[in-house]
Amino acid sequence: MKRLFIGILSLLIFLVLGLTIHKTEEMKFFVPKGWPKPLYSFHENKISNEKFELGRALFYDPILSKDSTISCESCHLSFTAFSHPDHRVSHGILGLTGKRNAPSLVNLAWAPIFMWDGKTKSLEEQSLLPITNPIEMDMSIKELIKRLQRNAYYKKLFYRAYKDSLVNEKKILNALAMFTSNLVSYHAKYDSVMRKDANVSFTEAEKKGYEIFKKQCASCHTEPLFTNYSFRNNGLILDTVFKDYGRMEISKLKNDEMRFKVPTLRNIEYSGPYFHDGRMKKLKEVLNYYANINKSNPDLDPLLLKIALTKEDIKDLTAFLRTLTDKYYLYNANYRPNH
């Protein structure tokens, strides 16, 4: 009996200490070795567990949309690197659809610019745009603040995050940015190989694919983030339904016609469909497109002229690209709903 009592007491002490440690443990932003310094300012939006938890709750809650049917998760699913599998373009309220594919959300703290056309340089605004977009969530910030202010659950979360339950736009967007800026992927096989982790190495096909990648792809898909955030014309023909001219719609410059931001290749195996309008379902289709790209197209980005891929190259390149899959990131419980 005495042993049982001591056992139960020990378990309770362990649980209390464990919870205390978890509760008081300060959240820190980790920069993998060899990576550049993140661009997102954690000085202006001070990092905290409570703000992350508030942002996570908001991200998964359809309360952000006018008819309470669409959340951020509706187009950004954690199991697919926060992309939208099997959906060519984003779906919004009332069954409305946009004209662009929902990009993967990963390593956003390093991004200098957001959206396929670079519409904003602010991670906070990147969250605001789909919330207020009439085709996506069609929610006014004024109404959203009202909803959150009268919601007891959110009043508690806002108080924990800001020591004040008053809801305003800045707090909402900072919390969402706190969650999305901390979606960091660096546990792929590629990362293990680069770190020289014990007992991890590329297969022969992955090794050959990496060499092909460095010669033919790395100029735009620069390591370790696998994008240089530039805008490129990859020769795709204008979709006459969507009529999406890309970067030109923002810059108003003719030279930017059909230029879109270079997407990251991290978790590319799971983030299809591909290209700005999701016109290609399979990764193999994308690589075949580049292998047979029309080099006589005068608008084609010059960097793409050097691409020359055989069928064997495509197999090896695919093998390498699969090493960018980060299962720890895809199945990370901290990135999934918290309620």
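The values are calculated or read from the model by the stated rules, or taken from the named source; none is laboratory data. Just so it is clear, the structure is predicted and the values come from calculations on it, not from any experiment. Heads up, the Cβs are rebuilt from the backbone with ideal geometry, glycines too, and the neighbour counts pull from every protein chain shown. SASA here: full protein model, heavy atoms, side chains in, ligands and nucleic acids out. Shrake-Rupley method; radii C 1.70, N 1.55, O 1.52, S 1.80 Å.
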So with the 1.4 Å probe, I'd like the accessible area per residue for the chain, rounded to whole Å².
54
Would you compute, from DSSP H runs of 4+ residues alone, the mean residue ellipticity of the chain at 222 nm, taking -39500 (n - 2.57) per run and dividing by the full residue count, rounded to the nearest 500?
-11000 deg cm²/dmol
With T = 20 °C, eta = 1.002 mPa s and Kirkwood Rh from C-alpha pairs, the Stokes-Einstein D of the chain in µm²/s is about 98
Hz values of 3J(HN,Hα) by residue in region 156-169 - Karplus curve (6.51, -1.76, 1.60), Gly and Pro given as x:
5, 5, 5, 5, 4, 6, 10, 6, 6, 7, 5, 9, 8, 4
Hey, could you grab the Kirkwood Rh for region 112-170? Inverse mean 1/r over distinct alpha carbon pairs, Å, one decimal.
12.8
Let me cross-check ARG336: its accessible surface, 1.4 Å probe, with only protein heavy atoms counted, in Å² to the nearest 10?
90
Restricting to Cα pairs below 8 Å that are 6+ residues apart, what does the relative contact order work out to for the chain? Please round to a whole percent.
21
Leaving out ligands, DNA and RNA, and with a 1.4 Å probe, what % of the accessible surface on the chain is carbon or sulfur?
58
Determine, for each peptide in 248-259, 103-114, the mean count of other beta carbons within 10 angstrom over its residues, then list the peptides with the highest first.
103-114, 248-259
Would you tally the net charge around TYR162, using a Cβ to Cβ cut-off of less than 14 Å, leaving TYR162 out, and scoring K and R as +1, D and E as -1?
+4
Suppose every K and R has +1 on its Cβ and every D and E has -1 on its Cβ; what is the size of the dipole of the chain about the Cα centre, in Debye to the nearest 20?
660
Which entries in LYS46/LYS119; LYS142/LYS170; LYS28/LYS155 show an alpha-carbon gap greater than 20 Å?
LYS46/LYS119; LYS28/LYS155
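Sort 41-50, 81-90, 222-231 for me by packing, meaning the mean count of neighbouring Cβ atoms within 10 Å per residue, highest on top.
Put in order of decreasing packing, that is 81-90, 222-231, 41-50.
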Can you list the residues, at least 5 places off or on another chain, whose amide H is less than 5 Å from the amide H of ARG259, using H built in the peptide plane?
ARG247, MET248
Quick one: 3J(HN,Hα) in Hz for region 126-141, Karplus 6.51/-1.76/1.60 with θ = phi - 60°, rounded, Gly and Pro as x.
4, 7, 5, 4, x, 5, 8, 5, x, 8, 9, 10, 6, 10, 7, 4
For region 130-259, build the convex hull from the C-alpha positions and give me its volume per residue in Å³.
200
Excluding GLY278 itself, calculate the net charge of residues whose Cβ lies under 11 Å from the Cβ of GLY278, where each Lys or Arg counts +1 and each Asp or Glu counts -1.
+2
Each residue of region 108-121 in order: what ³J(HN,Hα) in whole Hz does its phi give by Karplus 6.51 cos²θ - 1.76 cosθ + 1.60, θ = phi - 60°, with x for Gly and Pro?
5, 5, 9, 7, x, 7, 10, 6, 4, 9, x, 5, 9, 9
